[in-house]
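The values are calculated or read from the model by the stated rules, or taken from the named source; none is laboratory data. From a predicted model like this one, the values you see are computed outputs, not experimental measurements. Positions of Cβ are generated from backbone atoms using ideal geometry, with glycine treated the same way; all protein chains shown enter the neighbour counts. Just the protein is used for accessible areas: all its heavy atoms, side chains included, with ligands, DNA and RNA removed. Shrake-Rupley method; radii C 1.70, N 1.55, O 1.52, S 1.80 Å.
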Amino acid sequence: MPPEWSERITAALGRPAAQQPPWPDPGQTRPVSAFLSTLPPLVTPEEVRALRRQTELVARGEAFLLQGGDCAETFDATREHLVGTAATLLRMAAVVSGATGKPVVPVGRLAGQYAKPRSDAVDGLGLPVYRGDLVNAAAPEPYGRVPDPVRMVEAHRAARATLDLLRIGRFAGIHTSHEALLLDYERPQLTVDPADGRLYAGSAHFLWIGERTRRPDGAHIAFAELLANPVGVKLGPGTTPAEAAEYAERLDPHGEPGRLTLISRMGAARVREVLPALVERVAATGRQVVWQCDPMHGNTRVSALGYKTRHFDDVVDEVEGFFEVHRALGTHPGGVHLEFTGDRVTECLGGPGEVTETDLAGRYESTCDPRLNVEQAMALAQRTARLIAR
Ligand code: PEP
Ligand code: MN
């Protein structure tokens, strides 16, 4: 790493960083980071630039961004599970592009979505909370919940294996993404491309900053500022128009269409009220961002029997509200960001199979948030295609 970049990275990551694991011995992360930095990057700058050209088309209103996969990927994901996610993503993309005649850019929550921000430090059993396979083990057992930096090497290996699967045949057009949460994992994978002298994340094509780590003076936004990759920021209902404008100006300083994706996750009940002022304020900066709708994270609730769930109707309603807002303002509703699986799980209520509260116990397999099953995902793709074509 050239010294001028090292200094800028150190300054960015020296800012307050929310949601970092309480490593038992921070000294142990150093040899792991050193090892990670010797490995070839998981994605190449050329691939990242290819995705940037596609997100530019989305920002200009000429294409649609379809992003999704598990809430939390796990290291033990089977080949069938990964193929199911990738195949479902491509089937959804085909439904949307078939109905609209516009290209769809498929991006997976794949090959790196292993770290989770959590609201509480302990879970319902009083154990340290599960923070994703990148940090600790999901099983409710005290020893496994101790954050272990060696898991960052296992994550890299799991991501590589997933990418090997995606790089063959029909999956080769899928780009990868995850939340850039764990900075000790991201930093050693940074690389400067001699071709253009810019800094690239080597861990995924597209990275986003989550709702819980987007404070403007924090390390995550400062990290994203340094990257040449396309980056996203999740915006919850508490986002102010001034904050949204600040993200646009700092994360897209040169006014490059599609450099920044703003991912609204307001909830079906709030999207029509909160989103318009954000869209108008960002448009006033002159930036052409991608506006994307995450209709999952603002619609989470706990079922009578204690399952974290979402209702398919709320998900559809938020997507509809997102389209209504953009249609009214004359801006481009650029895409959706979803949690789904190709498996026939029962984690979200309603939809074509009419999953009920009692059905949730049947196949609830997510280690974090509830995902649309394959039928619900395909039905949502059809509804979204109709909204775009309208
Ligand atoms: C997520 O995408 O899994 C997530 C935690 O989202 P958010 O940051 O929007 O809450
Ligand atoms: Mn989630």
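Just name one of 220, 304, 2: the one whose Cα is farthest towards the positive end of the charge dipole of the chain (beta-carbon charges, Lys/Arg +1, Asp/Glu -1).
Farthest along the dipole direction, towards plus: 2.
What does the helix-only formula give at 222 nm for the chain: each DSSP H stretch with n ≥ 4 adding -39500 (n - 2.57), the total divided by the residues, and the result rounded to the nearest 500 deg cm²/dmol?
My calculation for the chain gives -11500 deg cm²/dmol from helical runs alone.
Which value, in Å², gives the accessible area per residue of the stretch 231-369 when a 1.4 Å probe is used on the protein heavy atoms?
36 Å²
Quick one: compute the contact order of the stretch 1-104, relative version, from alpha carbon pairs under 8 angstrom and 6+ residues apart, as a percent.
22 percent
Just to confirm my numbers, what's the Cα centroid distance between the stretch 259-285 and the stretch 125-196 in Å?
The stretch 259-285 and the stretch 125-196 have Cα centres spaced 29 Å from each other.
Taking a temperature of 10 °C and a viscosity of 1.306 mPa s, what whole-number D in µm²/s does Stokes-Einstein yield for the stretch 1-132 with Rh from Kirkwood over alpha carbon pairs?
The Stokes-Einstein estimate is 85 µm²/s.
Just to verify a number: FRET efficiency for residue 269 and residue 193, C-beta to C-beta distance, R0 = 41 Å, to 0.05? Mind showing how you got there, number by number?
Values: r = 44 Å, r/R0 = 1.08.
For residue 269 and residue 193, the calculated efficiency is 0.40.
List the lysines whose Cα sits under 21 Å from the Cα of residue 234, skipping any in the same chain fewer than 8 residues away.
Straight-line reach from residue 234, under 21 Å: 116, 308.
Modelled label-to-label distance, residue 242 and residue 327, 7 Å Cα→beta-carbon offset: nm?
Result: 3.4 nm between the two label points.
Send over the Kirkwood Rh of the stretch 205-337, from the inverse of the averaged 1/r over different Cα pairs, rounded to one decimal Å.
By the Kirkwood definition, the hydrodynamic radius is 15.0 Å.
If 53, 287 are ordered by their accessible area, calculated over protein heavy atoms with a 1.4 Å probe, which sequence runs from highest to lowest? Could you put the intermediate results ahead of the total?
Details: 53 155, 287 50 Å².
Greatest to least solvent exposure: 53, 287.
Dividing the Cα convex hull volume of the stretch 251-315 by residue count, how many Å³ per residue is that?
87 Å³
Based on DSSP H assignment, which helices of the chain show an axial Cα extent of at least 30 Å together with a mean Kyte-Doolittle hydropathy greater than or equal to -0.5?
Those that clear 30 Å and a mean of -0.5 are 79-100.
If you stretched the chain out fully between residue 129 and residue 10, how much longer would it get, using 0.36 nm times the residue separation minus the C-alpha to C-alpha distance? The partial results should precede the final answer.
On the way: separation 119, 0.36 × 119 = 42.84 nm, distance 2.83 nm.
That works out to 40.0 nm of additional length.
Once the Cα atoms of the stretch 12-58 are picked out, what are the Rg and Dmax in Å?
So, for the stretch 12-58, Rg and Dmax equal 16.3, 46 Å respectively.
With viscosity set to 0.890 mPa s and temperature to 25 °C, compute the Stokes-Einstein D of the stretch 97-196, Rh being the Kirkwood radius across alpha carbon pairs; µm²/s, no decimals.
Here the translational diffusion coefficient equals 154 µm²/s.
Which Rg and Dmax, in Å, describe the Cα atoms of the chain?
19.7, 58
Given N residues in the stretch 270-390, what is its alpha carbon radius of gyration divided by 2.2 N^0.38 Å?
My calculation over the Cα atoms of the stretch 270-390 gives 1.15.
Using a 7 Å offset from Cα along Cα-Cβ at residue 146, what residues in the stretch 1-44 end up with backbone N under 18 Å from the label point?
Backbone N within reach: 21-32.
For the chain, calculate the relative contact order in percent as a whole number, restricting contacts to Cα pairs under 8 Å that are 6 or more residues apart.
Values: 787 pairs, mean separation 78.9, N = 390.
In percent, rounded to a whole number, it is 20.
Using amide H atoms built 1.01 Å from N in the peptide plane, name the residues 5+ places from residue 199, or on other chains, whose amide H lies under 5 Å from its own.
Amide H to amide H, under 5 Å and 5 or more residues apart or across chains, residue 199 pairs with 228.
What whole number of Å gives the distance from the Cα centroid of the stretch 197-250 to the Cα centroid of the stretch 352-390?
Cα centroid to Cα centroid, the span is 28 Å.
For the stretch 136-283, what is the convex hull volume of its Cα atoms per residue in Å³?
171 Å³
Calculate, in nm to one decimal, what residue 215 and residue 280 gain on full extension: separation in residues at 0.36 nm each, minus their alpha carbon distance.
21.3 nm
Could you work out how much longer the chain between residue 170 and residue 301 gets when fully extended? Use 0.36 nm per residue separation minus the Cα distance between them, nm to one decimal.
Taking 0.36 nm per residue and subtracting the Cα distance, the gain is 43.5 nm.
Return, in residue-number order, each cysteine of the chain whose C-beta is not under 4.7 Å from any other cysteine's C-beta.
Isolated Cys, the chain: 293, 348.
Using a 1.4 Å probe over the heavy atoms of the protein chains, calculate the carbon and sulfur portion of the accessible area of the chain as a whole percent. Can you show the working numbers first?
Details: 7890 of 15040 Å².
Looking at the chain in its full context, I get 52 percent from C and S.
If R₀ is 25 angstrom, what is the calculated FRET efficiency for the pair residue 1 and residue 25, using the beta carbon separation as r and rounding to 0.05?
Efficiency, from the Cβ-Cβ distance: 0.50.
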